[in-house]
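In what follows, a structure is listed as structure tokens, so that the remarks can point back to it.
The values are calculated or read from the model by the stated rules, or taken from the named source; none is laboratory data. Treat the numbers as computed from the prediction; the structure is a model and nothing was measured. A quick note on method: Cβ atoms are made from the backbone with ideal geometry, for glycine too, and the neighbour counts reach across all protein chains shown. For accessibility, only protein heavy atoms count, side chains too; no ligands or nucleic acids. Shrake-Rupley method; radii C 1.70, N 1.55, O 1.52, S 1.80 Å.
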Amino acid sequence: MKPLKVAIIGCGNIFPMHAASVMERVDAELVAVCDVKKERADEKAEQLQVKAYYKVEQLFDEEVLDVVHICLPHHLHAPVTWEATRRKIHVLTEKPMAINYPDAERMIKEAKANDVTLGVIFQNRYNPGSQLIKTMLTNGELGAVKSGKLSVTWDRSDAYYEQSDWKGTWDKEGGGVIIDQAIHTMDLMRWFVDSELSYVDASISNRAHEIIEVEDAAEGVIAYQNGVVTAFHAINYYTYDAPVEIELHCEHGVAKMVADKATVTLTDGRSFIADHNPLETFTYDSGVKGYWGVSHVKQINNFYDVIRGEATLDVPAEEALKTQQMINAIYQSGHEKQRITF
Ligand SMILES: NC(=O)c1ccc[n+]([C@@H]2O[C@H](COP(=O)([O-])OP(=O)(O)OC[C@H]3O[C@@H](n4cnc5c(N)ncnc54)[C@H](O)[C@@H]3O)[C@@H](O)[C@H]2O)c1
């Protein structure tokens, strides 16, 4: 089997999850990394014994690639995807898909037109807790969802934003706590409810940061065409990353997730729990093992299996697009101070 030639673009925080996943696959060969910050690209290239590039165009011009992983600031996900798909290269991009809906829509259109696979990372769908709730909704044990609520209260201080040249800006990050941190939890809720959007009514504000343009607080409702109304509350001015919480009130019970641990309590008295499998670990550059990263590996494996024709995407790009639509509707509703109806 000829190995797929792979490059990772963006050598920042999330790079190790992608690099380790590619290195583990026998049918993929990491040939290059790319980052405008020369020292970052050089360090990763040396560590992994691959070529370093400092410009995306040069990477595309000089390497014959089958796959690129996009680990870039949000505003670059769409243009780099378009360039890659134009060159018939499969793309796996980090969340969010893009910073606006039309760009994300065009990513799908161009991937289809060029017959390449487009994947978008939403790794939390692979967590055992998420899988338990989704399975019990799909097999009918929980019955129909009646309502839901979620809360994300994390810590992204001014000091955190000071370290980044793109976070905290509308043009590069595309938003704050919603598009960057709460997006995973919002995506899970939408996946659980599994219905088209009906309306979004939200407020956004910057309440506790000095140096960012974007929202550090958002709350509102996401209403779905099946009649379910869900509430969300997200802030990133808390003093630690408190466990995220999702609760679904369903016909036959309540499903609750705290951090990644799900507890389903049925009205007939049975209860089910799912959490991390302690035998599953991800080893970081430093040699330290942890759970964070395990679900990335699973999603990246699925992406490569799809390219090999052995699977279908667990998270189709069309699914990521719906989450993009929801996120952008929160921003539109917040800015215009009115309900956005679909
Ligand atoms: N799935 C998750 O849980 C998760 C977690 C963290 C980050 N992310 C996502 O990963 C992406 C990257 O985030 P991060 O925290 O690693 O950011 P980061 O700032 O640490 O890394 C981004 C890198 O891209 C480089 N870069 C910027 N412009 C470039 C260009 N034109 N060409 C080449 N390189 C360029 C920067 O120099 C930087 O090294 C974002 O989409 C983020 O939301 C996802």
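Scanning the stretch 91-118 for residues that are without any contact (Cβ under 8 Å) to a residue 40 or more places away in the chain, over 14 Å from the mean Cα position of the chain (by Cα) and open to solvent by less than 10 Å² (accessible area, probe 1.4 Å) returns a single hit, Val91.
Listed here are the residues, each with its yes/no results for (1) crowded, with 16+ Cβ neighbours inside 10 Å; (2) among the small types (Gly, Ala, Ser); (3) in contact (Cβ under 8 Å) with a residue 12 or more places away in the chain.
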position	(1), (2), (3)
Ile9	yes, no, yes
Ala32	yes, yes, yes
Ala45	yes, yes, yes
Asp61	no, no, no
Val64	no, no, yes
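When the stretch 295-336 is examined, which residues are found to be buried (at least 21 other Cβ atoms within 10 Å of the Cβ) and of a type in the set (Val, Ile, Thr)? Of everything in the stretch 295-336, those that are buried (at least 21 other Cβ atoms within 10 Å of the Cβ) and of a type in the set (Val, Ile, Thr) turn out to be Ile300, Val315, Thr323, Ile327, Ile330.
Can you confirm whether Ser164 is under 28 Å from Ala255 (Cβ atoms), open to solvent by 20 Å² or more (accessible area, probe 1.4 Å), assigned by TED's automatic domain parsing to the domain that holds Gln324 and polar (S, T, N, Q)? So Ser164 does not fit the description; no.
Of all the numbered requirements in (1) aliphatic (A, V, I, L, M); (2) without any contact (Cβ under 8 Å) to a residue 24 or more places away in the chain; (3) within 30 Å of Val200 (Cβ to Cβ), Leu279 misses one, and that requirement is (3). Figure legend. Inter-residue proximity from the stretch 183-197: first residues in the same structural domain as Val258 (by TED's automatic domain parsing) and open to solvent by less than 20 Å² (accessible area, probe 1.4 Å), second residues basic (Lys, Arg) and modelled with pLDDT of 95 or more, beta-carbon distance below 7 Å, spacing 6+ or different chains. Indicated pairs: Ile183/Lys95; Leu188/Arg125; Arg190/Lys322; Phe192/Lys134. Just so you know, in the stretch 119-147 the residues that are open to solvent by 10 Å² or more (accessible area, probe 1.4 Å) and assigned to a strand (DSSP E or B) include one that is farthest from Cys250 (Cα to Cα), and it is Ser147. Residue pairs whose Cβ atoms lie under 7 Å apart, sitting 6 or more positions apart in sequence or on different chains, and linking a residue in the stretch 313-340 that is touching a residue at least 60 places away in the same chain (Cβ under 8 Å) and under 11 Å from Asp187 (Cβ atoms) to a partner that is in a loop (DSSP other than H, G, I, E, B) and open to solvent by less than 20 Å² (accessible area, probe 1.4 Å), are Val315/Phe122; Ala320/Met97; Ala320/Phe122; Gln324/Pro96; Gln324/Met97; Gln324/Ala98; Ile327/Pro96. Selection of first residues in the stretch 284-308 that are outside the structural domain of Arg25 (by TED's automatic domain parsing) and closer than 17 Å to Ile70 by Cβ and of second residues that are open to solvent by less than 50 Å² (accessible area, probe 1.4 Å) and basic (Lys, Arg), restricted to Cβ pairs under 8 Å at least 6 apart or on distinct chains, gives the following pairs, ordered by first then second residue: Gln299/Arg125; Tyr304/Arg25. If you go through the stretch 202-246 and pick out every residue that is assigned to a strand (DSSP E or B) and open to solvent by 50 Å² or more (accessible area, probe 1.4 Å), you end up with 5.
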